[in-house]
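*Asks:* After the structure tokens below, expect a handful of questions from me.
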Amino acid sequence: AQGTGQPDTARSAALAARASRVIPGGVNSPVRAYGSVGGTPRFLVSGRGPYVTDADGTEYVDLVASWGPALLGHAQPEVIAAVQAAAARGLGFGASVPEEAELAEEIIRRVPLIERLRLVSTGTEATMTAIRLARGATGRPLIIKFAGHYHGHSDGLLAEAGSGLATLALPGSAGVTAETAGQTLVLPYNDLPALEAAFAEHGDRIAGVIAEAAAANMGVLPPEPGFTRGMIELAHRHGALVIIDEVLTGFRSGPSGYWGLQAAGATGEDFPEGVAPDLFTFGKVVGGGLPLAALGGRAELMDLLAPLGPVYQAGTLSGNPVAVAAGLTTLRLADAAAYARLATAADTLALSVSEALTSAGVAHRIARAGTLFSVAFGDYERAPRTYADMQRQDVVKHRAFFHAMLAGGVNLPPSAFEAWFVTAAHDDAALERIARVLPAAAVAAARA
Ligand code: PMP
């Protein structure tokens, strides 16, 4: 592609072909395959700050941030040093290490409702364990989830899930038995009357409600004012638990997660004393880029986990010292200045995207949840509030926009149904590089 102004993708294409021979679809997580946008998925070989470099040597401003974990940017020097020091002491022992409690304390400091925390390796494990705990604590079988919310890929949580299932327009997964699927009630988001009806019909069989703190796996869609409070009050009135999934929003949408913003009144909502979630799940940022996630809650609930209680959960790699070092260092560095920079980067970027699309005449809606945002292409008379609204997005315009941005050196999530991730390393130079590409990408979207 020399001289055409298009980046060369020969090496990425060869690597994709090679990977496809030995890995299903050439990827170890579906959205990476560019299924909904087409074209050659870029193989990345390095990252630094807000930038990533692909196998052909092209550098991009990155707005994926490892799908969230890279809160401080890629290869943050102090995080890398902490990881190297931990690795030099040994990669893991299958015994407790001192830093596990330090990480738990750091998370509890940020979310004081949590008294005990258990470390696991993936967000999937965290939510899977949280629903097992809800069932174990209540002795009830049913779980409520909301359409378009993604909680990882455990059997019971795949129905009408966001993320890759939204990208590939899948209602659920083969291989999940009807019995298992039947234990999950899927309800429309932001619809308290639907939740009330479900509790009226099945109230004494519902163990818990699980919700993303702010939905961010169908694009960003925060709860409408009053929804979270109504959900908690309804669940508690019927003896069910509330699990707030902060795997994506946790310590990214704000220093105490999205619930922290809500509880502090930053979203204009009001939570009376005692109206609070029972369990929280975290992932992504808490591992600073290595495999680590967590679930936490009140002591009386969390102590139902083995070895103290009857709810079993375990993991060879749980609390791995190298992952703990990455997470702990990331959280310690994520101070007020880092969150201020994240907020400025998100504000600046959201505004410049909106201006570029508006000048090109492209109808769109930008939704925000703290420092997270996403762009929904489409003619929305009112702000989207459900999965059905998000599914009406114009994926053809998204595809044209995505490829124009990529050709201009900006790495966006390769799906219309994902949040855009800024980092604290997105400085003015990185934001200006994005701003230079936006007008042409907006025109490409207009023509699509
Ligand atoms: N919950 C939410 C809200 C998520 O965004 C994700 C991952 N995107 C998960 C759970 C699953 O986490 P993991 O991919 O680490 O299993």
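*Asks:* What is the residue count in the range 46-63 for residues that are out of contact with any strand residue (DSSP E or B) (no Cβ under 6 Å at 6 or more places or on another chain) and either among the β-branched types (Val, Ile, Thr) or not assigned by TED's automatic domain parsing to the domain that holds Pro414 (or both)?
*Replies:* Here the count works out to 1.
*Asks:* Can you tell me how many residues in the range 419-448 are touching a helix residue (DSSP H, G or I) at 6+ places or on another chain (Cβ under 7 Å) and either on the phi > 0 side of the Ramachandran plot or not in a helix (DSSP H, G or I) (or both)?
*Replies:* Final tally of qualifying residues: 6.
*Asks:* Sticking with this one: List the residue pairs whose Cβ atoms are under 7 Å apart, where the first residue sits in the range 207-218 and is in the same structural domain as Ala147 (by TED's automatic domain parsing), the second is within 11 Å of the ligand (Cβ to nearest atom) and of a type in the set (Phe, Trp, Tyr), and the two are 6 or more positions apart or on different chains.
*Replies:* As it stands, the answer is Ala213/Tyr258; Ala214/Tyr258; Asn217/Tyr150, since those pairs meet every condition given.
*Asks:* Could you check, for the range 176-194, whether at least one of its residues is of a type in the set (A, V, I, L, M, F, W, C), assigned to a loop (DSSP other than H, G, I, E, B) and either at pLDDT 95 or above or at negative phi (or both)?
*Replies:* yes
*Asks:* To continue, here is another question. Please enumerate the residues belonging to the range 104-149 that are in a strand (DSSP E or B) and within 16 Å of the ligand (Cβ to nearest atom).
*Replies:* Going through the range 104-149, the residues in a strand (DSSP E or B) turn out to be 116-120, 142-146.
Result: Arg118, Leu119, Val120, Ile143, Ile144, Lys145, Phe146.
*Asks:* Separate question: Return yes or no: is Gly327 part of a helix (DSSP H, G or I), within 16 Å of the ligand (Cβ to nearest atom), assigned by TED's automatic domain parsing to the domain that holds Glu106 and not charged (D, E, K, R)? Steps first, please.
*Replies:* Values: part of a helix (DSSP H, G or I): yes; within 16 Å of the ligand (Cβ to nearest atom): yes; assigned by TED's automatic domain parsing to the domain that holds Glu106: yes; not charged (D, E, K, R): yes.
Yes: the conditions hold for Gly327.
*Asks:* A further question follows. How many residues are in a helix (DSSP H, G or I) and under 23 Å from Gln262 (Cβ atoms) when one looks only at the range 338-373?
*Replies:* Of the residues in the range 338-373, 11 are in a helix (DSSP H, G or I) and under 23 Å from Gln262 (Cβ atoms).
*Asks:* Inspect the range 150-158 for any residue being in a loop (DSSP other than H, G, I, E, B), surrounded by 14 or more Cβ atoms within 10 Å (Cβ to Cβ), away from the ligand (no atom under 14 Å from the Cβ) and among the hydrophobic types (A, V, I, L, M, F, W, C) and give the result as yes or no.
*Replies:* Among the residues of the range 150-158, not one is in a loop (DSSP other than H, G, I, E, B), surrounded by 14 or more Cβ atoms within 10 Å (Cβ to Cβ), away from the ligand (no atom under 14 Å from the Cβ) and among the hydrophobic types (A, V, I, L, M, F, W, C), which makes the answer no.
*Asks:* Follow-up. Only one of Gly250, Gly287, Gly283 is without any contact (Cβ under 8 Å) to a residue 60 or more places away in the chain, within 12 Å of the ligand (Cβ to nearest atom) and either of a type in the set (Asp, Glu) or surrounded by 24 or more Cβ atoms within 10 Å (Cβ to Cβ) (or both). Can you tell me which?
*Replies:* Criteria check complete, one pass: Gly250.
The values are calculated or read from the model by the stated rules, or taken from the named source; none is laboratory data. This is a predicted model, so every value here is computed, not measured. Reconstructed Cβ throughout: ideal geometry from the backbone, glycine too, with neighbour counts over all protein chains shown.
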